[in-house]
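First comes the structure, then the notes that go with it.
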Amino acid sequence: MGLHSQAAIGVILGGVVTLAPGIGGWLRALAPRRATAARPPRAEGKQRQSRARCGMLAPGADARLEEATVIRRVLLSLSRSEQARDVVAAAPISRSVVKRFIAGESAADAVLTTADLIGSGRLVTIDHLGEDVTELGQAEATRDAYVTLLGLLDEAGLTQGAEVSVKLSAVGQALPGDGEKIALDHAREICQAADAAGTTVTLDMEDHTTTDSTLGILRELRADFPQTGAVLQAYLYRTEADCLDLAHAGSRVRLCKGAYKEPPAVAFQDKADVDKAYVRCLKVLMAGEGYPMVASHDPRLIDIAGALAVRHDRAKGTYEYQMLHGVRPDEQRRLAADGEKMRVYVPYGDDWWGYMVRRMAEKPANLALFLKSLSSTS
């Protein structure tokens with residue numbers, strides 16, 4: 001990693017350190033270690049409990065776990081801190097890093113980034129940042145932002161190559177009482193605007209407590225907008241069965257590993273187990289009649305996806321690859337140049353600080369991906 005990238009990371013984490021001294025150093029140390037070594041599968045967890053009962057647990061291990069939990073809570077709190085956000089936003093060197101991963105704060109910024117990506121032969125899906133809204137007004141503002149964005153994409157002639165991704169918690173899903181109905185109504189309005197503009201909507205998946213609700217809303221929307229895309233997370237035990245349910249003709253399904261911190265009761269914890277689950281799910285989708293969307297930056301999984309497409313006689317264009325904006329851009333261009341559909345997930349909006357810090361808090365491996373992507377373009 002170059003000095004520029006290191007300095008930028010320091011400034012970004014400096015926003016965290018502003019209100020919680022010492023966390024920046026913890027994050028730098030934790031992210032690479034968690035990404036490569038610290039994976040507690042269920043069997044290890046049982047051994048750990050056994051060692052603890054026998055007094056064999058490594059000194060300080062419980063304290064480190066407790067520290068990680070506390071820091072995660074602090075980070076989630078800091079994700080809502082305007083002061084920390086302002087520290088990062090004011091530093092030119094960190095702005096350049098943020099710009100690599102976030103299109104900007106306005107819909108116009110998102111449209112400009114989209115035009116550049118489409119001009120390079122890639123496709124785009126756009127996420128208006130914001131989630132877990134707590135007030136109806138916030139949910140309505142998110143709905144309006146998507147409708148405005150879709151109108152601008154249409155005016156710019158970009159809707160053949162760009163769609164939008166919507167988190168239901170951003171349009172009211174978690175609101176008390178009628179939250180699910182509110183989210184459905186708002187998502188329906190966004191789908192109507194997308195349909196009028198000649199494009200589609202994909203419903204992002206969030207933590208496991210929302211999965212049933214999100215799939216239920218998906219079914220409702222597909223009755224009128226059958227091209228509405230689904231997202232499934234391979235690390236959940238249930239996902240292979242969900243893939244079987246959704247691998248039918250006309251069904252667009254994005255398969256990702258999963259970015260949220262989930263408990264062992266519902267999700268694989270070991271990276272190798274997650275990778276194996278991803279391949280099992282991918283086999284189901286590639287063998288089905290739907291339209292798989294392979295969301296991964298992992299070179300091995302990208303190669304496996306290509307091999308499965310060949311095995312099932314899938315022509316290029318009957319599936320697609322997806323990656324985050326700013327992550328492995330050279331590989332994105334390579335896939336597009338090879339005639340593959342390559343879609344870039346582009347976030348934008350003024351909640352960029354909360355988005356980045358929440359991803360770090362939810363899963364330390366997300367920070368490792370961020371750090372690694374700064375040091376490499378391939």
**OP:** Any chance you could tell me what percent of the C-alpha pair distances in the stretch 103-348 go past 21 Å?
**Re:** 56 percent
Original post:
So what are the ³J(HN,Hα) numbers for the stretch 190-206, from phi and the Karplus equation (6.51, -1.76, 1.60; θ = phi - 60°), rounded to whole Hz, Gly and Pro as x?
Top reply: 5, 5, 4, 5, 5, 4, 5, 8, x, 9, 10, 10, 10, 8, 5, 9, 10
**OP:** In Å³ and rounded to a whole number, note down the convex hull volume per residue for the Cα atoms of the stretch 132-242.
**Re:** 96 Å³
Subject >> Vicinal HN-Hα couplings computed from phi for the stretch 339-350 (Karplus, 6.51 cos²θ - 1.76 cosθ + 1.60; Hz; Gly/Pro x) >> reply: x, 7, 6, 10, 9, 9, 7, 10, x, 8, x, 7
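Using a simple charge model, +1 on the beta-carbon of Lys and Arg, -1 on the beta-carbon of Asp and Glu, nothing else, what dipole does the stretch 224-325 show about its Cα centre, in debye to the nearest 20?
My answer is approximately 200 debye.
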Original post:
Ordered by residue, what ³J(HN,Hα) values in Hz, to whole numbers, does the stretch 164-174 give under the Karplus form 6.51 cos²θ - 1.76 cosθ + 1.60, where θ = phi - 60° and Gly and Pro are x?
Top reply: 10, 10, 10, 8, 5, 5, 7, 10, x, 4, 8
Subject >> Lys, Arg +1 and Asp, Glu -1 on Cβ, resulting dipole of the stretch 120-164 about Cα centre, debye, nearest 20 >> reply: 240 debye
Subject >> Amide H partners (placed H, <5 Å) of Asp127, local residues excluded >> reply: Ser165, Val346, Tyr348
Subject >> Sequence-distant residues sharing a close amide H with Gln322 (under 5 Å, placed H) >> reply: Val294, Ala295, Ser296, Arg343
Original post:
When DSSP beta bridges are limited to those with both residues in the stretch 103-348, what percentage is antiparallel, rounded to the nearest 5?
Top reply: 5 percent
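FYI, it's all coordinate maths here, none of it is from the lab. Worth saying up front: this structure is predicted, and the values here are computed from it rather than measured. No Cβ is skipped: glycine too gets one built from the backbone with ideal geometry, and neighbour counts run over all protein chains shown.
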